[in-house]
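What follows is a single structure, written as structure tokens, with notes after it.
Every number here is computed from the coordinates shown, using simple stated rules; none is lab data. Quantities reported herein were computed from a predicted structural model and do not represent experimental measurements. No Cβ is skipped: glycine too gets one built from the backbone with ideal geometry, and neighbour counts run over all protein chains shown.
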Amino acid sequence: MDTARDIGTFVVWDYVVFAAMLLISAAIGIYYAFAAGGQQTSEEFLIGGRRMTALPVAFSLTASFMSAVTVLGTPAEVYRFGAIFSIFAITYFLVVVLSAEIFVPVFYKLGITSTYEYLELRFNKFVRLCGTLLFIIQTILYTGIVIYAPALALNQVTGFDLWGAIVATGVVCTFYCTLGGLKAVIWTDVFQIGIMVAGFLAVIIQASVTQGGIGAILDDAYKGGRLNFWNFNLNPLQRHTFWTIIIGGTFTWASIYGVNQSQVQRYVSCKSRFQAKMSLYVNLLGLWIILACSVICGLALYSRYRDCDPWTSKKVSAPDQLMPYLVLDILQDYPGLPGLFVACAYSGTLSTVSSSINALAAVTVEDLVKPRFRSLSERSLSWISQGTSVLYGVLCIGMAALASLMGALLQAALSIFGIIGGPLLGLFTLGILVPFANSIGAFVGLLAGFAVSLWVGIGAQLYPPLPERTLPLSLGTYGCNSTYNGTNLMTTTEMPFSTSAFQIYNTERTLLMDNWYSLSYLYFSTVGTLVTIFVGIIISLLKGGRKQNIDSRFLLTKEDFLSNFDIFKKKKRVSNYKSHPMEDGGTDNPAFNHIELNVTDQNGKVNGTHL
């Protein structure tokens, strides 16, 4: 193999493909800004008038969190640590079932716009405010990472100015979010998920041709120890084992799919609960397809560079740049295809950032503006929604600067969701599954869960686990040509297997560092969730939780499960989605005849919004 090969560069057709993706995304935003009279109300802007169907919402759910972090981070993860990452396929199944059968029934029957509205209905305003603020912090941090990821790819592949690319990402997303609202976000997601799959397929097909077929790629991966699917070690300190991925991964992703506003906002926008659940189950197929593509790309990376690793030989400065490097290596003879891959990474970012901006606008309007300014008209709320979209777009661009210090993108992203998402998952689980949980128990539990997960999360960033915990696989450089032309080499390198720019080296390892701080990052969410639930239950029992009477609408009941079979009993009613939901007494989306549950003397408006 010629290890001193020159990689290609962007040509005109690559820029054309890339620009076309941006223009189509922007055009969808413009279309929904003016279609059917535009976004006249905050309900239209934030949740698409609650008339969405399962298929586009399913694509949007997949696109929202299968971001550039997945496109760039997962193949690099498989390249360095092996295909054990594919066990997430089981995790995704468990997460979708839990979300569809526990969280969707409760959120949907209440007809809420903001997930955190539930916390006030179930507990009190203060708990709702805490949940809202934690979500805002979590989302801005995560969005900073996913804006930074494709900018890295662009910088590596095309030589684009890094911060110019970051600003461009934020501006395009903010543009179509502000103009078109949730409908624009969902339909651009549908378009962008197609681009993501096309980009992956271009790499997989050409890598197969270059390396002699999928069989040869798998053979190289097997010889290199990359097909390490079944590691049943029970040690929670091991970074990835079957159990950390199944248990820790389920808690981490349940905090995203079950209670995160960005996802919940999509399925409550569906016109019926059946469609809402279907959107999650169809989305599962999308998650599996994207996971399979990214794992195969990671194995193709190893097959191509098994004897000359571009990272340790300093041809790239970070593992997350390996995929763009591979693309320009194997697709250089096909003008437009490198552009398609960068559009693929960029699409992942646009979908995630737009979802985040839309969700941030929703919780700001529903949780911070409406409760304090009840006299505002729907038109005013719609303008405020658009204004907050612009504001959060600017904030997310600013946070990308912090993301540049976060090290390995995939792990940093999942760590943020674990640290903040875990306690929030625990809080909602308390409300939905524990009838005697009260507001005091919920608040103290949330505080305890967040403190513990923050402690372990920051400790792991400062004192990263040793290689015997992370189990990196060997990367060869014996085939590299020592006379490689240095003009393409990157001079900056990161410490091997690091996860943060803030880590502290040259220190005596203590019992705390080698155990508590070395806990697998996937367990951050598990710890936060379980501590929140345990403390919440104890405090609620001590503070008279068993004496309170809770409305069954706020809890998961046997009827919620049995209603899954209503579609077989009432075929005529359920199949008739064309009629306005008000016409059949709210059998479809309950928000249309929703009564504000904590204000007994005011009814919802006919158009589905409430006072």
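Each of Ile90, Ile84, Ile136 has some number of other Cβ atoms within 10 Å of its Cβ, and from fewest to most they run Ile90, Ile136, Ile84. For the pair Leu454 and Ala20, a Förster radius of 51 Å applied to the C-beta separation gives a FRET efficiency near 0.75, rounded to the nearest 0.05.
Based on the alpha-carbon gyration tensor of region 77-234 and its eigenvalue square roots a ≥ b ≥ c, which shape applies: rounded if a/c is under 1.5, prolate if not and a/b is larger than b/c, or oblate? Oblate shape, in that a/c is at least 1.5 and b/c is the bigger or equal ratio.
For region 288-308, backbone nitrogen atoms closer than 17 Å to the point 7 Å from Lys223 Cα along Cα-to-C-beta are found at 299-308. Counting other Cβ atoms within 10 Å as a rough exposure proxy, the listed residues Val394, Val172, Val203 run Val394, Val172, Val203 from fewest neighbours to most. Amide H to amide H distances under 5 Å link Leu475 with no residue, where only residues 5 or more positions off or on other chains count and H is placed in the peptide plane. Panel order for Lys315, Lys558, Lys125, by other beta carbons found within 10 Å of each beta carbon, from fewest to most: Lys558, Lys125, Lys315.
Centre-to-centre separation between the Cα atoms of region 310-385 and those of region 188-216: 20 Å.
In region 85-230, Cα pairs under 8 Å separated by at least six residues give a relative contact order of 13 percent. Net length available on complete extension from Leu285 to Leu473 is 64.7 nm, with 0.36 nm assigned per residue and the Cα-Cα distance removed. Mean separation of Cα pairs under 8 Å and 6 or more residues apart, divided by the residue count, gives region 46-141 a relative contact order of 15 percent.
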